[in-house]
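K.L.:
Before I ask anything, let me first share the structure, which is written out below as structure tokens.
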Amino acid sequence: MSDLSSKTVAVVGLEHVSLPLPLAFGRKLHTVGFDINESRRATYQEGQGLTGEMAATRHLVFTSDSAQLGIADLVVVAVPTPIKQPDLTPVVKATKAIALHLKPDAIVVYESTVYRAPSIRVAEAAENIENTQRDANIAPMSELAIIFNWMDYRYSGGIGRGWNQMECSAFPAGLGGGIA
């Protein structure tokens, strides 16, 4: 694993929901907080409106200059997107600003896209699919836990090794069912 202390993180979009990201990264890594809203950027740069969290973020700078994104090894896009009426314009604009300055081998992570299902029926269908998928994966794990217990074998040891395999997803034993 490479030394992360030499890496730079950029967080694009500094709304109240995404602000904890650059604050957390800035405690340990050189971090650039980017926002096109100059007054928001200036407020944060002055340490205002941050309820004391700035004190621990020694490695954080705020900017509205997209050229500063060019030093980042990891870029997290956390711009706001409307929930009721999907509009990806902020994501597209952020992507264009990043693309102008993105350095080779940099990683871009999108944390912004939020869609609301177009209807209640579609939302219910999606929830049923999710619950069925989760139940179908958890049920066999519960059966394996019972079998391993009969064999006096530590379930957590075997399943932990399985989760480290690339083809194995983490579905712990227990009750299935979704949150409605």
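K.L.:
Kindly state, to the nearest 0.05, the FRET efficiency for Glu111 paired with Ser5, given R0 = 25 Å and r defined as their beta-carbon distance.
P.N.:
Once rounded, the FRET efficiency stands at 0.60.
K.L.:
7 Å from Cα along Cα→Cβ at both Glu15 and Asp65: what's the point-to-point distance in nm?
P.N.:
Once both label points are built, they end up 2.7 nm from each other.
No lab work stands behind these numbers, since they all come straight from the coordinates. It should be emphasised that the depicted structure is a prediction, and the values quoted were computed from it without experimental measurement. Cβ sites come from the backbone with ideal geometry, for glycine too, and all protein chains shown count toward neighbours.
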